[in-house]
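K.L.:
Handing you this structure, nothing more for now.
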Amino acid sequence: MQHIKDIIEKLIKKTKFKELSEANFILENWEKIVGKDIADNTFPIKLYKHTLFVNVKNSVIMEEMIYKKNELIEKINSVFKEKKIKNIIFKI
């Protein structure tokens with residue numbers, strides 16, 4: 001019989017691996033997912049609890065990305081065939 005501690009540790013490892021795998025997929029396919037123009041000015045840095053953190057080159061690009069945020073979320077989620085990303089936070 002497994003201890004609850006062991007079960008929780010396995011669950012945490014599995015969840016972190018899955019999130020890391022999804023983040024790696026987004027990173028490797030960023031240009032294909034969002035398009036060359038956006039990819040040239042942005043870079044995904046982290047995926048945490050359904051929130052994607054993205055670096056942008058400057059404040060002008062940040063404003064444009066905020067305007068396109070929902071469109072980007074839809075594009076990313078369409079690749080996964082489910083709602084993996086619920087929010088995007090942009091940083092300069």
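The values are calculated or read from the model by the stated rules, or taken from the named source; none is laboratory data. As the structure is a computational prediction, the values presented were derived from the model and not from experiment. All Cβ positions, glycine included, derive from the backbone under ideal geometry; neighbour counts span all protein chains shown.
K.L.:
Residue check: is V56 in contact with a Ser or Thr (Cβ under 9 Å, 6 or more places away or on another chain) and farther than 12 Å from I89 by Cα? Don't jump to the end; show me each part of the working.
P.N.:
Details: in contact with a Ser or Thr (Cβ under 9 Å, 6 or more places away or on another chain): yes; farther than 12 Å from I89 by Cα: no.
So V56 fails the test.
K.L.:
Further question on the same structure: So E9 passes all but one of these: (1) of a type outside the set (K, R); (2) modelled with pLDDT under 90; (3) in a loop (DSSP other than H, G, I, E, B). Which condition number does it fail?
P.N.:
Only one criterion is unmet by E9, namely (3).
K.L.:
Does any residue in segment 28-47 that is under 15 Å from N77 (Cβ atoms) come within less than 7 Å, Cβ to Cβ, of a residue that is β-branched (V, I, T) and part of a strand (DSSP E or B) six or more places away or on a different chain, and which pairs are these?
P.N.:
Pairs that qualify, where the first residue is under 15 Å from N77 (Cβ atoms) and the partner is β-branched (V, I, T) and part of a strand (DSSP E or B), are P44/V54.
K.L.:
Restricting to segment 48-65, count the residues that are touching a residue at least 12 places away in the same chain (Cβ under 8 Å), surrounded by fewer than 14 Cβ atoms within 10 Å (Cβ to Cβ) and assigned to a helix (DSSP H, G or I).
P.N.:
1
K.L.:
Run F17 past the list (1) closer than 17 Å to F80 by Cβ; (2) modelled with pLDDT under 90; (3) surrounded by 11 or more Cβ atoms within 10 Å (Cβ to Cβ) and report the number of the one that doesn't hold.
P.N.:
Among (1) closer than 17 Å to F80 by Cβ; (2) modelled with pLDDT under 90; (3) surrounded by 11 or more Cβ atoms within 10 Å (Cβ to Cβ), the lone unmet condition for F17 is (3).
K.L.:
Identify, please: which residue in segment 66-89 is touching a residue at least 40 places away in the same chain (Cβ under 8 Å) and not charged (D, E, K, R) and is, among those, surrounded by the most Cβ atoms within 10 Å (Cβ to Cβ)? Before you say what the answer is, go through the steps one by one.
P.N.:
Quick first cut of segment 66-89, residues touching a residue at least 40 places away in the same chain (Cβ under 8 Å) only: 75-76, 79-80, 84.
Imposing the further condition that a residue be not charged (D, E, K, R) reduces the set to 76, 79-80.
On the way: I76: 23, V79: 15, F80: 13.
The extreme case among them is I76.
K.L.:
Sticking with this one: Mind checking which residues of segment 66-92 are of a type in the set (A, V, I, L, M), over 15 Å from F25 (Cα atoms) and either assigned to a loop (DSSP other than H, G, I, E, B) or more than 14 Å from the chain's Cα centre (by Cα) (or both)?
P.N.:
Within segment 66-92, I66, I92 meet the criteria.
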